[in-house]
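What follows draws every value from the coordinates through simple rules; no lab data is involved. If you're wondering where the values come from, they're calculated on a predicted model, not measured in any experiment. Counting neighbours? That spans all protein chains shown, and the Cβs are built from the backbone with ideal geometry, glycine included.
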Amino acid sequence: MVSSQNKLNQLWEMFMSAPKGVVSKKRAQRDLTCSGPTFDRLLRKLRTENRLKIQYDRRKNAFICDCTDRDVTEVPGMSFTQNELAAIFSLRELMKSVSDGVLAEVFCQFWEKVERLCDERSLSLSMWQNRVKILPIGNRDVKDDVFGTIIDSIVKIRLVEIEYKSLGKSPNKRIISPQNIVRYRDNWYVDAWCTHDRVLKTFAMSRIMQVTIKTNRGKRISDKELTKEFASSYGIFTGVADKVAVLEFSGIAAEEVGSETWHKAQIIQKKRNGHLEMKIPYKNDSELVMDILRWSPLVEVKSPVELKEKIKAKLIDSLKNYGLPIKF
């Protein structure tokens, strides 16, 4: 039995291949082996969903499809404007830059289908090749089986046992209930409920050495609770923000940082002396410290004191690496 989508594609092909786009209802019903009402429904879909300009000609007792006045590229079951087609190929380049292992294979198969459909219609896509470039920096490899198993566990709501190696520590095993996968600063992470510590945590997927999906049902956390736990603090670290960093930028840093988003709840204020003050909520300062050091010496921590002292200690340690005398 031919599906409704297949019939829609066949009718689309009829209009595209027919001389001057002329197709009679009688011929369409015969070739599609469908009833009059079914033909009417398919025609409405081509007009509304595929935005084809189809008019009925009483003199010819047939329908005429005219796309000559539109900047549209068509493939069976789909229609794209030039801007939409450009966006699709931009998306392809984006997915190339963020897709690893199993996910890369899935998207590769998807794009092959799109290109095959376009080739069947003799559509040239070469003009979109290499027009968008996305260069990932500092991305770490994730094992194919790790990525696939984590995604599978989220879909099936299953527990997984992982062997995880934290930075600078020995590997250890733990059982988690994955909630989301996150692409952050060109790397993959998984937000999960840790059954041992009974808290939500974020794990770098590149640090998962082994993973095994369990038959036990996992724990599903509400979106509201996930947002509360992961969205309020700074960077990839979990926990509700309980501190506010006050930073003052000068020079080109004030100009550049003024257009950046470090945190969705940040507060930025331009000062009379040309400096820029930024207030950022945080809980774990590890990532914040690295971002502050990136702008030294064009940034000063105004508060809190413990963050100011930590930055000072980091700068002193850096100077020691170059054998410079430290005097205060």
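List of remarks:
- Cα-based shape type of region 228-289, given that a ≥ b ≥ c are square roots of the gyration tensor eigenvalues and the cut on a/c is 1.5: prolate
- For region 249-290, GluC sites (Glu not before Pro) are listed when DSSP marks them as loop and at most 14 other Cβ atoms sit within 10 Å of their Cβ; the list is E260.
- Filtered trypsin sites (Lys or Arg not before Pro), region 242-293: DSSP coil and at most 13 other beta carbons within 10 Å: K264, K271, R272
- Shape category assigned to region 243-321 from the gyration tensor of Cα positions, a/c cut at 1.5: oblate
- Extension gain for the segment I137 to V199, taken as residue separation times 0.36 nm less the Cα-Cα distance, is 19.2 nm to one decimal.
- Formal net charge of residues neighbouring M209 (Cβ-Cβ distance under 9 Å; K, R +1; D, E -1): +2
- Using the Cβ-Cβ distance between K320 and R185 with R0 set to 35 Å, the FRET efficiency works out to roughly 0.80.
- Centroid-to-centroid separation of region 257-328 and region 162-200 [C-alpha atoms, Å]: 28
- √(5λ) per eigenvalue of the Cα gyration tensor, region 4-70, largest first, Å: 17, 14, 11
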